[in-house]
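The values are calculated or read from the model by the stated rules, or taken from the named source; none is laboratory data. Here the structure is a predicted model, which means the values were calculated and not measured. In this analysis, Cβ positions are derived from the backbone assuming ideal geometry, glycine residues included, and neighbour counts consider all displayed protein chains.
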Amino acid sequence: MHGCGNSSPDALFLQRHSRFQEATMIRMHGIPIFRQNKAFMVFVISDVIEAFTVFVISDVVALVMSITSILSSLSIFISRYAEEDFLVNLPFKLMLGFSTLVVSVASMSVAFSATFFLVSKRHST
């Protein structure tokens, strides 16, 4: 089986891809230049891993605290409306709901900052 003209498929492939082979050889000679930046790349990657870890932890904390805030706020609706509910349980549930809401918003702010750091690091390299 022959391709263009009288050349075989193997010869045609070698003829058309010889320039790619030359470009690959030129790139291979340039690799030692990139190895000099290896320490810098490790530093950048470790920064990204730390930022991603901060993002994941703060995102999980925000999720748990927001669920706790919602459940403690909704638990006010199922009270028996007795005297003890208004004197003890209601203030406790309100404080718990508000404090977990504040922690959730703070954790979301940290997660947003970590995401912003990750995106800015990606675009700067």
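Odds and ends about this structure:
- Close pairs from region 60-74: first over 25 Å from Ala114 (Cα atoms), partner assigned to a helix (DSSP H, G or I) and of a type outside the set (Phe, Trp, Tyr), Cβ under 6 Å, at least 6 apart: Ser72/Lys93; Ser72/Leu96; Ser72/Gly97; Ser73/Gly97
- Residues that are part of a loop (DSSP other than H, G, I, E, B) and either under 30 Å from Val48 (Cα atoms) or under 28 Å from the mean Cα position of the chain (by Cα) (or both) within region 70-125 comprise just one, Thr125.
- Yes/no for Ile45 being farther than 15 Å from Ala111 by Cβ and modelled with pLDDT of 90 or more: no
- Selection count, region 91-125, where residues are modelled with pLDDT of 80 or more and surrounded by fewer than 15 Cβ atoms within 10 Å (Cβ to Cβ): 15
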